[in-house]
Amino acid sequence: TAGVYLLIRFNNLLVDLVFLKFLLLFSGLTMMMAGISANYEFDLKKIIALSTLSQLGLMMSILSMGFYDLAFFHLLTHAMFKALLFMCAGVIIHMMNDTQDIRMMGGVSLYIPLTSLCMNISNLALCGIPFLAGFYSKDMILEMVGMSNLNVLIFYLYYFSTGLTMFYTIRLLMYLMVNDFNLVVTYNLYDEDYVMLKSMMVLLMMSLISGSFLSWMIFYYPYMIYLPFSLKMMVIYVSFLGGVTGYLISNMNIYSLNKFLMTYNLSSFFVTMWFLPHLSTYGLNYYFLNFSQKLFKNIDLGWSECWSGQGVHSVIKYNSVVYYVYQMNNFKIYLFSFILWMLFMITMILI
């Protein structure tokens, strides 16, 4: 977010750069990649983090088209409902005894209704449901994209990613709120964390009203949007389609055949964020970590140990044991050493 804000501040320096075209493409792809990965994920925090990545892609892409004020507007509205979403997720994870797997959850709304209320509203705001905070910024961004003179790839990326947002949100709601409770014990589920609830209620109000409030306050002049009816309704169409698909995907019973296993390689590709960690993190780390492990094994625990501390210690220990036995004043050893000494002296004299 800091990077997005920095680019918003420096938007005048970025005008008419070729770099912006690449930024538009990469941020659009980031938006889609994060959305797809979130649909395959079962970790509650990771789903919300990937959702944040998707929204940052949205901000960067609209910024690279030159609409810096829309990017800032979405940054602010997104801050409201995403902060609320993270707080709700934190409360749920804490009450679930630190379980983050959404397959272990379900029926949460029965036990923690207020937290569930906050979570549902923030999730719907994220989807861009009309008249919540996310709607004002997201809808305007997508309508400006519809009005812009761009190719079909960017258009497709935007609307597909919007559908995906609805997809993983409905999937999350189904897993958390609608499905039966899957844990064995329910001791920790109670809605009494009032410190959190107070903050969450403030953010809840902001998630409801900040969009309309900021849209009146932030723009010098209203955006003139002129679109045909089908394009104007496009956002609602893709959201509805995404929602229905998310519902159908999540409506699986415990004995249902997992269709994802049929396309295991593809699922693996999507769930690992298009193998990006293997290129950036794991791919770079592996060789260095492997090399350092070999160094540690062969040098630290190997030769350096033998020729330094451990080796010297074992030599001294061995000698001290010998001297100790010798110094126990054992008469036989004393006489034997005396005879040896005499023999040594005689040989020396004879030589």
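The values are calculated or read from the model by the stated rules, or taken from the named source; none is laboratory data. No experiment lies behind these values; they were computed from the predicted model shown. With ideal geometry, Cβ positions are generated from the backbone for all residues, glycine too; neighbour counts draw on all protein chains shown. The accessibility values were calculated without ligands, DNA or RNA, using every heavy atom of the protein model including side chains. Shrake-Rupley method; radii C 1.70, N 1.55, O 1.52, S 1.80 Å.
Structure values in brief
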{"item": "Residue within region 90-104 that is open to solvent by less than 70 Å² (accessible area, probe 1.4 Å), in a loop (DSSP other than H, G, I, E, B) and in contact with a helix residue (DSSP H, G or I) (Cβ under 6 Å, 6 or more places away or on another chain) present", "result": "yes"}
{"item": "Residue within region 243-251 that is closer than 28 Å to Leu173 by Cβ, assigned to a helix (DSSP H, G or I) and open to solvent by 100 Å² or more (accessible area, probe 1.4 Å) present", "result": "yes"}
{"item": "Checklist (1) in contact with a Ser or Thr (Cβ under 7 Å, 6 or more places away or on another chain); (2) in contact (Cβ under 8 Å) with a residue 60 or more places away in the chain; (3) open to solvent by 10 Å² or more (accessible area, probe 1.4 Å); (4) aliphatic (A, V, I, L, M) applied to Leu29, failing item", "result": "(1)"}
{"item": "Scope region 261-276; condition open to solvent by less than 80 Å² (accessible area, probe 1.4 Å), closer than 24 Å to Ala49 by Cβ and in a helix (DSSP H, G or I); matching residues", "result": "Ser267, Ser268, Phe269, Phe270, Val271, Leu276"}
{"item": "Evaluation of Lys45 against (1) in a helix (DSSP H, G or I); (2) without any contact (Cβ under 8 Å) to a residue 24 or more places away in the chain (one fails), failing number", "result": "(2)"}
{"item": "Qualifying position, being among the hydrophobic types (A, V, I, L, M, F, W, C) and either without any contact (Cβ under 8 Å) to a residue 24 or more places away in the chain or open to solvent by 70 Å² or more (accessible area, probe 1.4 Å) (or both), among Phe73, Phe19", "result": "Phe19"}
{"item": "Restricting region 132-184 to residues that are part of a loop (DSSP other than H, G, I, E, B) and free of Cβ contacts under 8 Å to residues at least 40 places away in the same chain, the residue that is least open to solvent (accessible area, probe 1.4 Å)", "result": "Asn151"}
